[in-house]
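The values are calculated or read from the model by the stated rules, or taken from the named source; none is laboratory data. The structure displayed is predicted, hence computed values, not measured ones. Cβ placement follows ideal geometry from the backbone for every residue including glycine, while neighbour counts extend to all protein chains displayed. Accessible surface areas use protein heavy atoms only, side chains included; no ligands, DNA or RNA. Shrake-Rupley method; radii C 1.70, N 1.55, O 1.52, S 1.80 Å.
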Amino acid sequence: MTTRRELLQWMGVGGAGLIAAAQTARAQPATDTPPAAAPPPARRAAQGYTPVQTLNGWTLPHRMNGGVKEFHLVAEEVDHEFAPGCRAKCWGYNGTTPGPTIEAVEGDRVRLYVTNRLGEPTTVHWHGIDLPNGMDGIAGLNQPRIEPGETYVYEFTLKQHGTHMYHPHADEMTQMAFGMMGLFIIHPRAGEDVAIDRDYAFLLHNWALHPGTYRPDPSVMQDFDLWTFNSKVFPAIDPIVMRTGERLRIRIGNLSMWNHPIHMHSNPFWVTGSDAGRWPREQWRREVTEIVGVGQMRDLEFVATEPGDWALHCHMAHHTMGPMGHEIPNPTGVDQRGVEEKIRALLPGYMAMGRDGMSEHSSHVAMGMRGPENTLPMMAGEGQFGPIEMGGMFTVVKVRDGQAPGDYRDPGWYRYPEGSVARRVSRDPQFGQPHRRKPYAAVAVPPPDGTDAPVDPPVQEHHHGS
Ligand SMILES: [Cu+2]
């Protein structure tokens, strides 16, 4: 139901604010709340919402037809690049994986055409959307399958707002493993009382694209090779860009086969919504990590107070890495000299690593060492201070004092004010008198003079407070 207040404000009638204020005053019981604590005035958006920025993606244009918003999805094979050096034949919609974002407003009547250009049947399920049962898209249960070459139409009225998804519900295991999914964003008809300055959205996914192959393997259940935001891996994932003091919303959906604890650096965010729309404010939670479960959506809101380059990533350490072997013996602490030459005779280009940790992999990458065909390094990304050593679900939130409102262009790396970066104070492993318990002497620490001979640091006496 449209209230008189909303109607007046949509129409932009002069003086409507005064009428609305008078009506509100009559409708609400008097409270002791001082005016300063009252929420900011509601922003009446109607169709004037802040458009969602689909990370590395796009929004599907629609056309109006007799008051109905018409969209047309095409299920088809796509040639997709995860990052330079790694591409595959994937499946998606309208030429991309994920498919384009569908964006509409609560109360809209939508008509969605779906053309199947795959070699097998498909359907589309509108995930989280409150609609008539016959529009829910489950092959066999709610509708016949859309056969290759056929076009079906779905039509319903959007009764809610929130962050939703669409994906096939026919041969789901294969079609989703190949990248068929997209975002479906419904903005609230009456706007939002806490206004958003920037609204980003992405989907979490995983892919079994084995090195040297060009088709994702749909039968893999756990040991995936690629972990993606909107089907891209770092450093090919776009940064999230904002101005200091702005309010950001990040809408995250998960159609992968794992739960992902999404962690954002800088000050804590609020979890403010889900498939069910923006939650009442009493339910907002302050977090620094939020698990986005399989099949779930989460909206995170963040007010930037500190400029800089802030990491945003999944906190499962393997999910911020590129492809790796999962069943190799543990090389940590193993001196592989001698063995390395023998293996290289069998496997040209083999390079032993991992004795002191995996970090040297990033320097191999920086040296331009080539891995197998059509795959990506486990660690990648070069920042202004050196290797970032990430690879999968990782991107950077770039907060800048000077970023103009509405400017989404990448401002480059942050320019740190002088003296504001952690710095080296010594190259001597014996530096200082730190409290240590039972130091373990076997780890070789390079000596400060730069010679090659490993030196075992002497076992130090240690003291600790009683
Ligand atoms: Cu994860």
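Tally time: how many residues in the range 318-361 are open to solvent by less than 70 Å² (accessible area, probe 1.4 Å) and within 16 Å of the ligand (Cβ to nearest atom)?
6
I'd like the full set of residues that are more than 16 Å from the ligand (Cβ to nearest atom) and out of contact with any Asp or Glu (no Cβ under 7 Å at 6 or more places or on another chain), limited to the range 288-313.
Listed by number, the residues that qualify are Asp299, Glu301, Phe302, Val303, Thr305, Glu306, Gly308, Asp309, Trp310.
Applying the selection to the range 253-272, what residues are more than 16 Å from the ligand (Cβ to nearest atom) and of a type in the set (S, T, N, Q)?
Ser266, Asn267, Thr272
Go through the range 201-218 and count every residue that is more than 16 Å from the ligand (Cβ to nearest atom) and open to solvent by less than 10 Å² (accessible area, probe 1.4 Å).
The number of residues fulfilling the criteria is 3.
Given the conditions (1) buried (at least 19 other Cβ atoms within 10 Å of the Cβ); (2) touching a Gly at 6+ places or on another chain (Cβ under 7 Å), report the number of the one that Asn259 does not fulfil.
Failed condition: (1).
For residues in the range 107-155 being out of contact with any Phe, Trp or Tyr (no Cβ under 8 Å at 6 or more places or on another chain) and hydroxyl-bearing (Ser, Thr, Tyr), which is most open to solvent (accessible area, probe 1.4 Å)?
Here the residue is Thr115.
Pick from Gly57, Gly66: which is in contact with a Pro (Cβ under 9 Å, 6 or more places away or on another chain) and modelled with pLDDT of 95 or more?
Sole residue among the options that is in contact with a Pro (Cβ under 9 Å, 6 or more places away or on another chain) and modelled with pLDDT of 95 or more: Gly57.
Condition first: in contact with an Asp or Glu (Cβ under 8 Å, 6 or more places away or on another chain) and not in a loop (DSSP other than H, G, I, E, B). Now tell me which residues in the range 185-218 satisfy that.
The answer is Ile185, Ile186, His187, Arg198, Trp207.
If Glu373 passes every condition in (1) on the phi < 0 side of the Ramachandran plot; (2) outside any loop (DSSP other than H, G, I, E, B) but one, which one does it miss?
Failed condition: (2).
I'm trying to understand the selection: among the residues of the range 219-236, which are within 16 Å of the ligand (Cβ to nearest atom), in a loop (DSSP other than H, G, I, E, B) and modelled with pLDDT of 90 or more?
Listed by number, the residues that qualify are Val220, Phe224, Asp225, Asn230, Ser231, Val233, Phe234.
Could you tell me whether the range 191-207 includes any residue that is over 23 Å from Ala317 (Cα atoms), of a type in the set (Phe, Trp, Tyr) and within 19 Å of the chain's Cα centre (by Cα)?
Looking through the range 191-207, at least one residue is over 23 Å from Ala317 (Cα atoms), of a type in the set (Phe, Trp, Tyr) and within 19 Å of the chain's Cα centre (by Cα).
Hey, can you tell me all the residues within the range 366-384 that are surrounded by fewer than 16 Cβ atoms within 10 Å (Cβ to Cβ) and either under 24 Å from the mean Cα position of the chain (by Cα) or among the polar types (S, T, N, Q) (or both)?
Of everything in the range 366-384, those that are surrounded by fewer than 16 Cβ atoms within 10 Å (Cβ to Cβ) and either under 24 Å from the mean Cα position of the chain (by Cα) or among the polar types (S, T, N, Q) (or both) turn out to be Glu382, Gly383, Gln384.
Let's see how each residue does on (1) within 16 Å of the ligand (Cβ to nearest atom); (2) at pLDDT 90 or above; (3) more than 24 Å from Ile250 (Cβ to Cβ):
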position: Val399; (1), (2), (3): no, yes, no
position: Arg424; (1), (2), (3): no, yes, yes
position: Gln430; (1), (2), (3): no, yes, yes
position: Ala441; (1), (2), (3): no, no, yes
position: Gly450; (1), (2), (3): no, no, yes
